[in-house]
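The values are calculated or read from the model by the stated rules, or taken from the named source; none is laboratory data. The shown structure was predicted, so the numbers you read here are calculated from the model rather than taken from an experiment. Cβ placement follows ideal geometry from the backbone for every residue including glycine, while neighbour counts extend to all protein chains displayed. The area values use the complete protein model at the heavy-atom level, side chains included, leaving out ligands, DNA and RNA. Shrake-Rupley method; radii C 1.70, N 1.55, O 1.52, S 1.80 Å.
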Amino acid sequence: QTVVTQEPSFSVSPGGTVTLTCGLNSGSVSTSYYPSWYQQTPGQAPRTLIYNTNTRSSGVPDRFSGSILGNKAALTITGAQADDESDYYCILYVGSGAHVVFGGGTRLTVL
Amino acid sequence: EVQLVESGGGLVKPGGSLRLSCAVSEFTFSDAWVNWVRQAPGRGLEWVGRIKSKSNGGTTDYAAPVRGRFIISRDDSKNTLYLQMGNLRTEDTAIYYCTTEVLYNYGLEYWGHGTLVTVSS
């Protein structure tokens, strides 16, 4: 069974830079998994940040960037702001059927 | 502005059925691959399944927990996506979101605000 791993929690200081990662329980993440990233604040629907590894969704500020770092996908937030405090989820496309698998999410605290 | 509006959620007993709808506007719905994603109370997001565009065969894919119990369909003439849920279990209790995949690319793009399904006796 494919398990997508994310840090359960992370904290960053206002104005700082943080990198969240998205890995696989077995194997490395590459661009062939088409990683994407989503932000969700409590009580709200998710918002798309990044798709296909590093393409920003419409209206997303360039403080958010996606990449592959080592054997994981990564979301980097620069100049962290208070309203970046949210849950962040990644997804990977796996298998011949291109099934979507979510990571467990990372709760980001800005303090 | 693209809008996705889910409806049909509610309270249902274990073993029961429910059909959700998702109306999509201001979007090339017929070309889109569309998905259902759910979120149980206090938990993370979970992919439920997808239906491809008719030009890509209109085929469906499902996550293991719902395969054989849920059916995704679409009516392109009404720009509407459906989720027929059967043999519901308490663990199906969640907010159900519809979401479009990025046209001709990979990743989820537009999201509805969700509809709550509660399975309880």
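Within the range B:1-42, the set of residues being within 14 Å of another protein chain (Cβ to nearest Cβ), under 21 Å from B:Asp76 (Cα atoms) and of a type in the set (S, T, N, Q) comprises B:Gln3, B:Asn35. The residues of the range B:100-121 that are without any contact (Cβ under 8 Å) to a residue 60 or more places away in the chain and in a strand (DSSP E or B) amount to a single one, B:Glu109.
Results for (1) assigned to a loop (DSSP other than H, G, I, E, B); (2) open to solvent by 40 Å² or more (accessible area, probe 1.4 Å), shown as yes or no for each residue.
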| site | (1), (2) |
| --- | --- |
| B:Leu4 | no, no |
| B:Ser21 | no, no |
| B:Asn35 | no, no |
| B:Glu46 | no, yes |
| B:Gly49 | no, no |
| B:Pro65 | yes, yes |
| B:Gly68 | yes, yes |
| B:Cys98 | no, no |
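Among the residues of the range A:24-40 satisfying the criterion of being assigned to a loop (DSSP other than H, G, I, E, B) and surrounded by 19 or more Cβ atoms within 10 Å (Cβ to Cβ), which is nearest to the chain's Cα centre (by Cα)?
Looking at the filtered set, the residue picked out is A:Pro35.
Residue-level check: of (1) away from chain A (no Cβ under 11 Å); (2) open to solvent by less than 50 Å² (accessible area, probe 1.4 Å), B:Asp61 misses just (1).
Screening B:Val5 against (1) in contact (Cβ under 8 Å) with a residue 12 or more places away in the chain; (2) within 23 Å of A:Ala98 (Cα to Cα) leaves a single unmet condition, (2).
Residues of the range A:71-107 that are at positive phi, within 13 Å of chain B (Cβ to nearest Cβ) and touching a Gly at 6+ places or on another chain (Cβ under 7 Å): A:Gly105 alone. The number of residues in the range A:43-66 that are more than 19 Å from A:Val18 (Cα to Cα), within 7 Å of chain B (Cβ to nearest Cβ) and hydroxyl-bearing (Ser, Thr, Tyr) comes to 1.
A count restricted to the range A:13-46 and to residues that are of a type in the set (Gly, Ala, Ser), on the phi > 0 side of the Ramachandran plot and without any contact (Cβ under 8 Å) to a residue 60 or more places away in the chain stands at 2. Under the condition of being among the polar types (S, T, N, Q) and surrounded by 19 or more Cβ atoms within 10 Å (Cβ to Cβ), which residue from the range A:41-77 is nearest to A:Leu24 (Cα to Cα)? Checking each candidate, the answer is A:Thr53.
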